[in-house]
Amino acid sequence: MLLFKNILLVAALFLTSSCGFEPLYQKKAGSDAINNDLAQVEILNLRDKIDYNDRLGQMLKNLLLDRFNPYGRPQSPFYKLDVKLQSAKTELGFNIVDEATRAKLTLSAEYVLSESTTNAVLFRGNSRSINSYNIISSDFATLSAEKNAFDRGTREIADDITLRISTFFHNLRRS
């Protein structure tokens with residue numbers, strides 16, 4: 001039985017490598033090129049584009065800075081990233097006295113990657129995160145759950161934007 005599992009694992013690895021699958025962050029010669037491209041991206045302020053509150057935009061910008069510029073902001077960035085973030089909260093699951101017991105939080109981000117000097121748009125995309133949380137009788141617990149849903153959503157959007165732009169740079173280098 002163990003031998004059969006090992007054979008299946010080796011076969012799966014062989015099939016995966018022969019289908020053209022290539023890990024985005026594979027360590028090989030020149031693999032730092034994508035990280036270097038990401039490090040040349042200036043993250044523009046999101047503060048004035050937030051519908052819900054300024055703190056959410058600040059959180060997203062900080063997460064993007066951590067992912068794009070872990071060693072500090074570029075001195076003369078080649079690219080700039082403009083993000084517009086929106087949020088919506090919908091109450092769900094009403095009880096017998098018509099009080100909401102569940103809420104759905106939707107965060108949407110539209111982003112544009114462009115060259116800094118020419119403002120030529122290189123990549124445009126959308127990212128969305130949907131999270132839910134319980135609304136209970138304790139206001140503190142409900143606010144804490146809502147904050148946690150915002151944190152999760154913001155992290156998901158930052159990860160998605162980073163992955164999509166990394167893929168763009170990867171495909172740009174392959175062509």
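The values are calculated or read from the model by the stated rules, or taken from the named source; none is laboratory data. Given the structure is predicted, the values throughout are model-derived calculations rather than measurements. Neighbour counts run over all protein chains shown; Cβ positions are idealised from the backbone, glycine included. Note: accessible area is taken over every heavy atom of the protein model, side chains too, but ligands, DNA and RNA are not part of it. Shrake-Rupley method; radii C 1.70, N 1.55, O 1.52, S 1.80 Å.
Paramagnetic label reach from S76 (point 7 Å along Cα→Cβ; backbone nitrogen cut-off under 15 Å): within the range 108-126, residues 116-118. If I model a spin label at D32 and T118 as a point 7 Å from the Cα along the Cα→Cβ vector, what separation in nanometres do I get? Using points 7 Å along Cα→Cβ, the separation is 2.8 nm.
In the context of the full protein assembly, Y111 retains an accessible surface of approximately 0 Å², using a probe radius of 1.4 Å and ignoring ligands and nucleic acids. With coordinates expressed along the principal axes, the C-alpha atoms belonging to the range 40-175 extend over 59, 27, 22 Å, beginning with the largest. Backbone amide hydrogens, once placed in the peptide plane, bring I135 within less than 5 Å of R102, A103, excluding anything fewer than 5 places away on its chain. For the range 108-125, backbone phi angles converted through the Karplus equation (6.51, -1.76, 1.60; θ = phi - 60°) give residue-by-residue couplings of 10, 10, 10, 9, 9, 9, 9, 6, 5, 7, 9, 6, 6, 6, 9, 8, 9, x Hz, Gly and Pro being listed as x.
Largest accessible area first, the residues K89, K80 order themselves as K89, K80 under a 1.4 Å probe with ligands, DNA and RNA left out.
Between amide H atoms placed 1.01 Å from N, distances below 5 Å from S116 occur with Y79, K80, all of them 5 or more places distant or on a separate chain. Residue-wise HN-Hα couplings along the range 65-81, as the Karplus relation 6.51 cos²θ - 1.76 cosθ + 1.60 with θ = phi - 60° gives them from phi, are 4, 4, 7, 8, 10, x, 9, x, 5, x, 5, 9, x, 8, 10, 9, 10 Hz; Gly and Pro carry x.
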